[in-house]
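The values are calculated or read from the model by the stated rules, or taken from the named source; none is laboratory data. Keep in mind that what you see is a predicted model, and the values were worked out from it rather than measured. Neighbour counts are summed over all protein chains in view; Cβ atoms, including those assigned to glycine, are modelled from backbone coordinates with ideal geometry. Calculation scope for accessible area: heavy atoms of the full protein, side chains included, ligands and nucleic acids excluded. Shrake-Rupley method; radii C 1.70, N 1.55, O 1.52, S 1.80 Å.
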Amino acid sequence: MNMTNTFITRWSNLTPIGVVVTRCEVLVAALFLVAAKEKLLGAKAPELFANSVKAFKMFDPESGIGELGVRFSTSVTPWIEFVAALLLLLGIWSRAAAAVLSIMLVAFIAIILRAINNGYDLHCGCFGKLSPFCPEKVGWCNIVQNSVMLAGSLIVALTPRSMLARAARPA
Amino acid sequence: MTQRSRSSHARAGRVLVQMGVIIAVGFVIGLADAFVFRRVNLDARSAPPTPDEAIAGAATGTRRPADARPGTEPAEPAPSPVPDRAPRPVGQPPAAATQSAPAAPGSFAFTPKDKLPAGHITVEDARKLFDAGATFVDSRKAEEYSIGHVENALRMDTHMFKDGDPPKLALIPREALVVVYCNGGHCDESENLARLLDGSGYKKVYVLHDGFPGWQAAGHPSATGTDPFDMNP
């Protein structure tokens, strides 16, 4: 009951700041849910994502640690994206979920910058097969896309909940 | 410490704990998924025989229909495990076959044989395999393929394997010699596709290390137009 009230308050009685923050929440959550779905669903989806991770050459392929790194990031990244995006969409632990996604976006931006700097010719794999906003080959468009998403998630992460709903504001 | 700063510290602490929980939950599910439920195969693909050995061993022939290559006559008729190409869809122009003009000497830096990773081949070896009737697979995007590709190459990309073996694999017999290429250099798509093909039972898969730019620079047969078998462009 309490959770339902919170939900209704959050979505129906918003301050202008609340409107912006909730839109950012929904946008960032939806994008990350699509990204996670593309990386997780499908018999060989994890393997395809592993290929994308390997293509960024973040880990030394000759070392055992390199393979472990690829396996680890391949398996864990989409699930963290999924859990955080789902919580963000449901409005549960929003600031923490947005903070986690912000950290991931900073890491993605750094990895893409390194790939651009090294002249790698590869596909982003950010949204699996989909490339909703950018050409398939990784480039500056992906930096802009991730920066916009980072701005959205930072807005959510840094906005105190008391600023969202009129009902929650002191009289 | 004031009441307000104490409460903001407590709030920040709570958010940090929640972040830890989110990451931990993702970790546990992800590791269980990867190591228990859907083990991701990251093993290196099996090393194929050298191109010369493969050509010598491919007595059964993997030659495509001779009429698919204007100007080339097969040395002897050989059965084709690659099915004859189906008629092109109505309204689709045929791919134009061309003999690429060789690049001026020195304008393309071909990778020497001794610098190649396992399973990768030079343009020269790829041409030998081409003449032996190997199936060439272009792992680049449809737009790049339509601008120019190795003559008779099929187009496939790794995402076609997302839900298992794509229908296009029916066009390539498991024992066929297969050469996969992309744009050479830092392009990894061909190696990734070669690994997927290896996992699907193809054991004579080679990666043309210098990719289509190398093939084109050597003046080997290329064509333009879309792949008529492209069901998932």
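Observations
- With every protein chain in place and a 1.4 angstrom probe, the accessible-area ranking of B:His149, B:His159, largest first, reads B:His159, B:His149.
- Probe 1.4 Å, all protein chains present, accessible-area order of A:Ile111, B:Ile121, largest first: A:Ile111, B:Ile121
- Relative compactness, region B:1-40, computed as alpha-carbon Rg over 2.2 N^0.38 Å: 1.88
- Accessible area of region B:1-40 belonging to carbon and sulfur atoms, whole % at 1.4 Å probe: 68 percent
- From phi via Karplus (6.51, -1.76, 1.60), per-residue ³J(HN,Hα) for region A:76-84 in Hz, x at Gly/Pro: 8, 4, x, 6, 5, 4, 5, 4, 5
- By the Cβ distance rule (another cysteine Cβ under 4.7 Å), the unpaired cysteines of chain A are A:Cys24.
- Probe 1.4 Å - accessible area at A:Thr159, Å² to nearest ten: 20 Å²
- Net charge dipole size for region B:119-233 [Lys, Arg +1 and Asp, Glu -1 on Cβ; Debye, nearest 20]: 220 debye
- Listed residues A:Ala98, A:Ala151, A:Ala36, most fluctuating in chain A (Gaussian network, C-alpha, under 10 Å): A:Ala151
- The residues of region A:77-93 listed by number as losing at least 50 Å² of accessible area in the complex, against the isolated chain and with a 1.4 Å probe, are A:Trp79, A:Ile80, A:Val83, A:Trp93.
- You can think of it this way: the chain between A:Phe133 and A:Val148 has 4.3 nm of extra reach, that is 0.36 nm per residue less the Cα-Cα gap.
- Evaluated at q = 0.09, 0.14, 0.16 Å⁻¹, a Debye calculation over the C-alpha positions of region A:2-159 (equal weights, vacuum) places log10 I(q)/I(0) at -0.32, -0.71, -0.89.
- Taking every protein chain into account, the 1.4 Å probe leaves A:Trp79 with about 50 Å² of accessible area, to the nearest ten.
- Averaging the sequence gap over all C-alpha pairs within less than 8 Å and six or more residues apart, then dividing by the number of residues, gives region A:2-159 a relative contact order of 31 percent.
- Between the residues A:Val20, A:Gly42, A:Val156, the greatest Cα displacement towards the positive end of the dipole of chain A, with unit charges on the Cβ of Lys, Arg, Asp and Glu, is found for A:Val20.
- Chain A: most fluctuating residue of A:Phe72, A:Phe82, A:Phe108 per GNM, C-alpha cutoff 10 Å: A:Phe72
- When the surface is traced with a 1.4 Å probe over the full set of protein chains, B:Phe108 keeps roughly 60 Å² accessible.
- Dipole size of chain A about its Cα centre, with +1 on Lys/Arg Cβ and -1 on Asp/Glu Cβ: approximately 580 debye, rounded to the nearest 20.
- Just checking the listed ones, A:Ile103, A:Ile65, A:Ile143: in the Gaussian network model of chain A with Cα springs under 10 Å, the one fluctuating most is A:Ile65.
- Coupling constants for region B:189-203 follow from the phi torsions by the Karplus curve (6.51 cos²θ - 1.76 cosθ + 1.60, θ = phi - 60°), and in residue order they are 4, 5, 5, 4, 5, 4, 5, 5, 5, 4, x, 8, x, 8, 10 Hz; glycine and proline get x.
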